[in-house]
1. Could you tell me how many of the residues in segment 43-59 are more than 17 Å from Ser131 (Cα to Cα) and either of a type in the set (Ser, Thr, Tyr) or not in a strand (DSSP E or B) (or both)?
2. Quick one: count up the residues across segment 70-93 that are touching a strand residue (DSSP E or B) at 6+ places or on another chain (Cβ under 7 Å), without any contact (Cβ under 8 Å) to a residue 24 or more places away in the chain and surrounded by fewer than 16 Cβ atoms within 10 Å (Cβ to Cβ).
3. Quick check, is Phe50 hydrophobic (A, V, I, L, M, F, W, C), under 15 Å from the mean Cα position of the chain (by Cα) and within 27 Å of Ser143 (Cα to Cα)?
Amino acid sequence: MKYFLIALFFTTITSCIPLRIAPNFHEEGYKIKQAKKFKRKLPKENAFIFEDTKDADEFYNFVNTKYQLNHLDVGLEVPFRIDEKLYFLSYYEVEKTTKTLNLLPIFIDGATSGTDLETDLYDNYVSRMGSWYLVITVIDNDSNDCLKESHPSYNKVLEYLKNLKKEYFSTHNYEELLFTKKS
């Protein structure tokens, strides 16, 4: 019993407690969710959300080049067509962090406070690891949310966004997009 308590004590002081956990979309690689529920400042429309593992501004450059926007309104109601029907894509880059409380530095500071060996590990009490996500919303010509399951074009728009995501991650030189068939 004594060894169990010692093991429990050391496990407790060396553990960390998650305070906030960044979403993980590994099953499908994306998630359809209301944008406002993902991040409060975003619109109420449903969104196609996935983790962006590329560098900053890469999606901006991708969208700017693919849709030939010449740096005008990139990310805000970018027009595109599916089966000759017009849709508008908007995207937002959002950071979500995993934040954990580390107990070991707290115990060390507590044990050494008021002694000659006093430590200051305050900066290590909490650790953060961030991930960036792309949140894409799509509306039709009548400003209807196309990522709502009841929308008649839901499946076509979803398939388009899956292919857009795949194209984004597989393309390294965005000028190549100018030579591919436009959608």
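Read the figures in this text as sums done on the coordinates, not as results from a lab. Quick caveat: nothing in here was measured; it's all calculated off a predicted structure. Reconstructed Cβ throughout: ideal geometry from the backbone, glycine too, with neighbour counts over all protein chains shown.
1. 3
2. Total meeting the criteria: 2.
3. In short, yes.
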